[in-house]
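The values are calculated or read from the model by the stated rules, or taken from the named source; none is laboratory data. Remember, it's a predicted structure, so these values are computed and weren't measured experimentally. Glycine also receives a Cβ, built like all others from the backbone with ideal geometry; neighbour counts cover every protein chain displayed.
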Amino acid sequence: MSTDRRCRSSQPTTGENDLTAPSDESLLEAHRQGDLTAFEELVRRHGDRLLGYLRRMSRNHQQAEDYFQETFRRVHEKADTFQGRSSFKCWLFKIAGNVAFDGMRKDKREPQMSLITADGGDSDCLEARAAVMTSQPGDPYQAAVRAEQAARVRQAIENLPERQRATLVLAYYQGLSYREVAQVLGCSLGTVKTQMYRALRTLADILPDKPGVVR
């Protein structure tokens, strides 16, 4: 099942901010009943945030896109299994996490020839070039410094154990509460706090010159 990029939006999630809009759960129920536009709306609401999560859980942008497609394929196939024990958002990110963890385990079993992306460069180099190109005119040095720092942080996060990385990305970058992270990862609240502490401590050791560690 292909998920069109045009369904995604950088606008705030409508269902979270507009009390008159249908909830995610009602949209999923409409999808169960055959409403194709309901599924497209779910992709539009959550696509950008989900892709951001998967990009930090994968080796490169192409792999993240593959995980994205697989996640929504599973959402489509498993729609009837959603029981409302958590929010749709938590259920969605749990599926995405399972897809990413499956991919990580496959990567460990199969030798990787290269970490080059489909764009012809590794993710860190692409991000660095983008930061320089979008910097304010007349300040290329500061842009280069920020790009280098961003690449270092990204590399450090990629080297974290998978559960620590998932906890950090969900809580810090995706803005989920610790309770929501626990639902996504299927663990206790105490475990989430422990994983977060260990992740931040590891990053502090790797990046001692970064105030607040994560940028």
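Structure values in brief
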| item | result |
| --- | --- |
| Test for Ser188: is it more than 18 Å from His46 (Cα to Cα) and modelled with pLDDT of 95 or more | yes |
| Any hit, segment 71-89, residues being touching a His at 6+ places or on another chain (Cβ under 8 Å), over 16 Å from Val184 (Cβ atoms) and buried (at least 19 other Cβ atoms within 10 Å of the Cβ) | no |
| Looking only at segment 126-177, and only at residues there that are of a type in the set (Ser, Thr, Tyr) and crowded, with 16+ Cβ neighbours inside 10 Å, the one that is modelled with the lowest pLDDT | Ser135 |
| Of all residues making up segment 181-194, the number that are within 12 Å of Phe93 (Cβ to Cβ) and either loosely packed, with under 15 Cβ neighbours inside 10 Å or touching a Phe, Trp or Tyr at 6+ places or on another chain (Cβ under 8 Å) (or both) | 2 |
| Residue among Arg49, Arg105, Arg44 that is without any contact (Cβ under 8 Å) to a residue 60 or more places away in the chain, among the basic types (Lys, Arg), surrounded by 15 or more Cβ atoms within 10 Å (Cβ to Cβ) and not in a loop (DSSP other than H, G, I, E, B) | Arg44 |
| Cβ-Cβ under 9 Å pairs, at least 6 apart or on other chains, segment 174-191 side assigned by TED's automatic domain parsing to the domain that holds Phe93 and without any contact (Cβ under 8 Å) to a residue 60 or more places away in the chain, far side of a type outside the set (Gly, Ala, Ser) and buried (at least 18 other Cβ atoms within 10 Å of the Cβ) | none |
| Qualifying residue in segment 17-29 (condition: modelled with pLDDT under 95, outside any helix (DSSP H, G or I), among the hydroxyl-bearing types (Ser, Thr, Tyr) and crowded, with 20+ Cβ neighbours inside 10 Å) | no |
